[in-house]
Amino acid sequence: MLAIDVKDLRKQFKVQKNREGLSGALKDLFKREYNEVTAVKDISFQIPQGEICGYIGENGAGKSTTIKMLTGILVPTSGQLKVNGYVPYKDREKFVGGIGVVFGQRSQLWWDIGVIESFQLLRKVYRVSEQDFRKRLDNLVERLDLGELLNRPVRKLSLGQRMRCELVASLLHNPSILFLDEPTIGLDIVVKTEIREFLKDLNREEGTTILLTTHDLQDIEALCSRVIMLDDGRIIYDGGLEELKNRWSKGREIQFQFGTATPLTKLQLLTAGLDVTWTMNEQGASMWLPHTINVSDALGMVVGGADIRDIKILETNTDDIVREIYRSGSASASAAATLLEAESPKQETEVEAEEPEKETSLR
Amino acid sequence: MMSAYLDFIRIRFLTMLAYRVNYYSGIIIYAINIGAYYFLWKAIFGSAETLQGFTLAQMTTYIAVSWMARAFYFNNLDREIANDIRDGSIAMQLIRPYSYLFVKMMQGLGEGLFRLILFMGPGLVIVCLLFPVKLPKDPAVWIIYFIMLMFSLFINSQLNILTGLAAFFVENNEGMMRMKRVLVDLFSGVLIPIAFFPGWLKSTMEWLPFQAITYLPSAVFTGRTPMSEAWGVLGLQALWFFILLVPIMFTWRAARKRLFVQGG
C-alpha cells in the first residue's frame, strides 16, 4: 500500500506587491496588486509504506510547502493528494491522528510547562490509553536518553535536548508516517548521529514511513534509500542516492605521494592509452579518471613504474554533487546521461600502498 | 477528547498563575478606574435623584460590577491568534487532532477562571469596602448572573476570535484589534450604560451583540432589569452566541484556503 500518493500537486500563493514611494503607498491603500507565486508546480510522486525518503532542494525550492500540504496544514491549489488513505486538508482532524510531525524550526511542546506535562496533554489529545502511553514513553525515554529532562520546562532545554523531546512528542501516538522538516538543524554531531540511529531503528522495528527534508546530506546518506530532489517547485530527481551519485559524479581523483620525485611526463607515459588527466602538486601528483575506467586498472599501471608512498582515492562527495545540481538547476542535464554506471568505492577511500623499507603512511 | 480540552483550561490557569504578579497591579488599576467613574457620576448626578432610571447607588454598583465582569471576560485571544498566524506557529496547531478555535476558547475560559478567582473576587471585596456598592441579596440573581457572565465571556471571545482571524486577510490587524477593544468597551456599556446613549444609537445597539457582553447582565444584577425579564436576557445572549458561530465558521474556512505559513 502507498503511504503517500501525490499527483500533479500545485500550490500558488498571492503575494502582496508594495509599490514604491508615497504615491505607490497611497495607491496600495485603495487597490492592492498581487503577484502570484507558484511554490510547487505540479509534482507527482509515490512513497510506499516503510520507506525512508529524503526530500531535498535549495531554500525556497518548495520543500516545506509540500510537507505542509502533506500534513494538512496547507490546502493545495490543485492536484490530488492522498496520505495514509486520507485527503489531508479535508479530514484534517482524523488524518493527523495517524501522522507524526517534527519541524526543526518550531516547537510543538508547550513552552511554559514541564516536558512530561506536554506529553500528558498530547496523550489526551491523541486519545492514547494510559497503558500504551507508559509503554511507549518508557521505551522512547530510554532510547533517547531523556530520563532527567522530563520534569524541566521546555524553555530550559538545550536545542539537542529539545529536539529529542520533539521526536518523542511526535511518536507518542505511534504514527505510521513521520514527517521531519529539517530535524537535525543546528544540532551537534553527537546528537545528529543519535537521532539518525534512532530513526533507522524506528523504521526497521515499527515499519514507520519517514519523509524528511534536510540540508545536511549526511542525514540522507545515513538514512535514505531514496531521494526526491526539488528545484524551483519541480521534481528534478527521484531515485536512489547511489544512482544519483553515479549519475552525477563524473569521476574520481587519486592522489599519489612519491618516495622519489617523479616527473609528469613519466606518469603520463605510464598511463598511456588510458583517458586520465595528471596534475602535479606539492606532495606529488593527482590523477583524475572518469567512471569508465576501473580504479584497479589505472592503479596497476602506476604502481609498477613509480615509487609510491601513499595513495588516496577521492570520490566526489554528495555535497559537491548536489551543489553542482543546484547550480545547473537540473538533474536531467545531458552530461549526466553520458556517464555510465560504475561501481565506485564509498565516499572517500584511502588505500595504503605497501612500502617495505620506509615508514608507512604520513598523513 | 473532552478531557484534553479541560486540560487546556487547567494549563492556561497554571500558566497564568506562574505570572500572577502581573495581575496584582491590575487590581489596583481596576479599583482606580472604578473610583474615577464613581466620582464622575456623582458629579453628573449632582442633586438629581435618578438619571435615565438609575439611582446613584445603582450606578455605583453598575460601574463596580461591570468593571469586575470585564476583568473576567476580557482576554487577549485576538492577539494570540494574530500572533500565531503572523509567526506561523499556527502550523503546529493544525497538525493536532483538535479544533484550534475550540482550544483557543478553552484557553480563554482558563484565563477567565483565573481572573475570576484571583482578580475579580478579591477586587470586588476591595471595591465594596471603598465605595457604596449594594450587592443583591437574592441568590437566584447571583446564579443567573454567573450564567450570564459565562455567555459574556463566550461572546467577547467570539468577537476576539473573529478579530484575530482577520490577520489571515490583512497584513497587519493591529488597528482592527485596537478598534475592537474600544468598540467593545464603549458599546458593551462598561464606560457608559447604554441607557444614556442617544435614541438612534440605543436602537442600533439592540441589533448588535455588544450590549449582551456587559450592559444586559449588569442591568439584571443591579436590579434595573427585573428577574422576570432575566430569562429573556439570557436567551438573547444565547442567541448571539449561536449567531456569532456562523461568521467564525465561514472566516475559518476561508482562512484555511488562503493560509500562508510564514517563516519557512
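If A:Leu159 satisfies all but one of (1) farther than 17 Å from A:Gly186 by Cβ; (2) more than 9 Å from every other protein chain (Cβ to nearest Cβ); (3) surrounded by fewer than 18 Cβ atoms within 10 Å (Cβ to Cβ), what's the number of the condition it fails?
It fails just one condition, (1).
List the number of the failed condition for B:Met16; all other conditions in (1) modelled with pLDDT of 85 or more; (2) surrounded by 12 or more Cβ atoms within 10 Å (Cβ to Cβ) hold.
Looking at each condition in turn, B:Met16 falls short on (1).
For residues in the stretch A:195-230 being polar (S, T, N, Q) and part of a helix (DSSP H, G or I), which is modelled with the highest pLDDT?
A:Asn203
Report, by residue number, each residue of the stretch A:231-243 that is touching a residue at least 60 places away in the same chain (Cβ under 8 Å) and outside any helix (DSSP H, G or I).
Those that are touching a residue at least 60 places away in the same chain (Cβ under 8 Å) and outside any helix (DSSP H, G or I): A:Asp231, A:Asp232, A:Gly233, A:Arg234, A:Ile235, A:Ile236, A:Tyr237, A:Asp238.
What number goes with the only condition from (1) within 13 Å of the chain's Cα centre (by Cα); (2) farther than 18 Å from B:Tyr30 by Cβ that B:Ser152 does not pass?
Failing condition for B:Ser152: (2).
Out of the stretch A:244-268, which residues are touching a residue at least 40 places away in the same chain (Cβ under 8 Å), of a type outside the set (A, V, I, L, M) and part of a helix (DSSP H, G or I)?
A:Lys245, A:Asn246, A:Arg247, A:Trp248, A:Lys266
Exactly one of these conditions fails for B:Met92: (1) within 14 Å of another protein chain (Cβ to nearest Cβ); (2) in contact (Cβ under 8 Å) with a residue 12 or more places away in the chain. Give me its number.
(2)
Can you give me the number of residues within the stretch B:1-53 that are under 15 Å from B:Phe114 (Cβ atoms), small (Gly, Ala, Ser) and under 19 Å from the mean Cα position of the chain (by Cα)?
1
For the stretch A:177-194, how many residues meet the condition of being assigned to a loop (DSSP other than H, G, I, E, B) and either surrounded by 18 or more Cβ atoms within 10 Å (Cβ to Cβ) or among the hydrophobic types (A, V, I, L, M, F, W, C) (or both)?
Counting residues in the stretch A:177-194 that are assigned to a loop (DSSP other than H, G, I, E, B) and either surrounded by 18 or more Cβ atoms within 10 Å (Cβ to Cβ) or among the hydrophobic types (A, V, I, L, M, F, W, C) (or both) gives 5.
Looking at the stretch A:111-141 only, could you name the residues that are of a type in the set (Phe, Trp, Tyr), facing chain B (nearest Cβ under 10 Å) and crowded, with 20+ Cβ neighbours inside 10 Å?
A:Tyr126
Of the numbered conditions (1) at the interface with chain B (Cβ under 10 Å from one of its Cβ atoms); (2) among the hydrophobic types (A, V, I, L, M, F, W, C); (3) within 30 Å of A:Val40 (Cβ to Cβ), A:Leu178 satisfies every one except a single condition; which is it?
(1)
Would you check which residues across the stretch B:1-52 are part of a loop (DSSP other than H, G, I, E, B) and within 14 Å of chain A (Cβ to nearest Cβ) and list them?
Across the stretch B:1-52, the qualifying residues are B:Met1, B:Tyr19, B:Arg20.
Restricting the stretch A:201-214 to residues that are touching a residue at least 40 places away in the same chain (Cβ under 8 Å) and more than 18 Å from A:Glu166 (Cβ to Cβ), which is surrounded by the most Cβ atoms within 10 Å (Cβ to Cβ)?
Checking each candidate, the answer is A:Thr209.
Working only within the stretch A:36-88, note down all residues that are in contact with a Ser or Thr (Cβ under 6 Å, 6 or more places away or on another chain), assigned to a strand (DSSP E or B) and within 12 Å of chain B (Cβ to nearest Cβ).
The answer is A:Ala39, and nothing else.
Yes/no matrix, rows are residues, columns are (1) within 11 Å of A:Phe179 (Cα to Cα); (2) assigned by TED's automatic domain parsing to the domain that holds A:Ile210; (3) free of Cβ contacts under 8 Å to residues at least 40 places away in the same chain:
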| position | (1), (2), (3) |
| --- | --- |
| A:Lys63 | no, yes, no |
| A:Ile67 | yes, yes, no |
| A:Thr71 | yes, yes, no |
| A:Gln80 | no, yes, no |
| A:Tyr89 | no, yes, yes |
| A:Lys94 | no, yes, yes |
| A:Gly97 | no, yes, no |
| A:Phe103 | yes, yes, no |
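Is at least one residue of the stretch B:56-78 without any contact (Cβ under 8 Å) to a residue 24 or more places away in the chain and over 30 Å from A:Lys124 (Cβ atoms)?
Yes, some residue in the stretch B:56-78 is without any contact (Cβ under 8 Å) to a residue 24 or more places away in the chain and over 30 Å from A:Lys124 (Cβ atoms).
I need the full set of residues from the stretch A:96-110 which are more than 8 Å from chain B (Cβ to nearest Cβ) and assigned to a helix (DSSP H, G or I), in order please.
Within the stretch A:96-110, just A:Gly98 meets the criteria.
Hey, can you tell me all the residues within the stretch B:65-103 that are among the small types (Gly, Ala, Ser) and either outside any helix (DSSP H, G or I) or touching a Ser or Thr at 6+ places or on another chain (Cβ under 9 Å) (or both)?
Hits for the stretch B:65-103 are B:Ser66, B:Ala69, B:Ala82, B:Gly88, B:Ser89, B:Ala91, B:Ser99.
Failed condition for A:Glu33, given (1) within 23 Å of B:Glu171 (Cα to Cα); (2) in contact with a strand residue (DSSP E or B) (Cβ under 8 Å, 6 or more places away or on another chain); (3) within 13 Å of chain B (Cβ to nearest Cβ), with all others met?
(3)
The values are calculated or read from the model by the stated rules, or taken from the named source; none is laboratory data. Everything numeric in this text was worked out from a predicted model, so none of it was measured. Neighbour counts run over all protein chains shown; Cβ positions are idealised from the backbone, glycine included.
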